[in-house]
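None of the figures in this text is laboratory data; all of them are computed from the coordinates on show. All values derive from a computational prediction rather than experimental measurement. Cβ sites come from the backbone with ideal geometry, for glycine too, and all protein chains shown count toward neighbours.
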């Protein structure tokens with residue numbers, strides 16, 4: 001296509017893949033015992049994480065939480081063959097990891113990945129623009145944007161439409177990808193984005209995880225247990241799964257940033273009778 005039209009290949013819609021797409025152990029979710037539900041905390045000040053993924057299903061962990069709505073449910077069988085697609089349940093799993101590490105967080109989500117774990121740069125950028133406008137119209141603050149998909153490009157530059165939109169988002173966390181390479185993975189490799197690699201149980205880098213100077217953080221990403229939805233006989237069954245990938249390391253960092261945002265937004269405490277000098281401490 002780049003040979004036929006006068007544009008850079010980066011101006012062609014670049015396919016982004018869900019970060020768990022990889023080979024070997026941990027590539028597919030395996031059923032696990034459901035851990036105890038994360039506590040239903042109410043933080044003094046709301047901290048909101050916007051999740052771009054496959055959707056979020058009404059798992060028991062999420063039902064009756066103030067932020068949950070029946071929008072953007074998981075599409076489990078996009079090709080209609082009666083079998084759940086490879087990345088089915090991914091968004092529900094990511095939301096569960098986020099909730100386990102930040103039980104009082106408010107989650108907003110937009111489904112951009114198919115159940116096969118695929119999307120493109122324009123879809124992500126358009127969705128982010130819409131989310132930004134809607135948040136502004138509601139007067140809502142989005143504290144952290146979490147993206148668990150990405151891509152490599154032929155010239156190792158971020159797709160321009162994606163880079164341009166992400167410039168409007170001050171705090172972005174993205175999975176570093178599972179290609180076991182130092183080659184930049186976009187949008188994680190953008191300087192303004194916190195790229196999260198996966199570590200194993202011993203704290204060393206997971207064999208599948210991307211790495212390099214562009215990676216900012218690591219978090220556990222091997223044999224993570226979280227909420228999951230399975231398709232059995234055409235019915236949705238809710239429970240837990242064990243899964244590996246940088247997609248499941250990234251929400252742990254997003255949760256940390258959400259907790260910090262909640263702390264920052266707490267109302268100032270004053271000692272009764274204390275005179276206001278007009279000075280404030282910063283740090």
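Observations on the structure shown:
- Treating each Cα of the stretch 173-258 as one equal point scatterer and applying the Debye formula with no solvent, the log10 of I(q)/I(0) at q = 0.12, 0.21, 0.26 Å⁻¹ comes out as -0.38, -0.88, -1.17.
- Residue order, fewest to most surrounding Cβ atoms within 10 angstrom, among 151, 211: 211, 151
- Modelled FRET efficiency - R0 22 Å, residue 156 with residue 126, Cβ distances, 0.05 increments: 0.40
- A Cα-only calculation for the stretch 14-264 places Rg and Dmax at 16.6, 48 Å.
- Applying 1/(1 + (r/R0)^6) with r as the Cβ-Cβ distance of residue 256 and residue 81 and R0 = 35 angstrom yields a FRET efficiency of 0.35.
- When Rg and the Kirkwood radius Rh are both evaluated on Cα atoms of the stretch 80-140, their ratio Rg/Rh stands at 1.05.
- Extension gain from residue 135 to residue 63, taking 0.36 nm per residue of separation minus the Cα-Cα distance: 23.7 nm
- Percentage of interatomic Cα-Cα distances in the stretch 43-176 larger than 27 Å: 20
- Solvent-free Debye scattering, log10 I(q)/I(0), computed from the Cα coordinates of the stretch 113-224 at q = 0.13, 0.24 Å⁻¹: -0.51, -1.36
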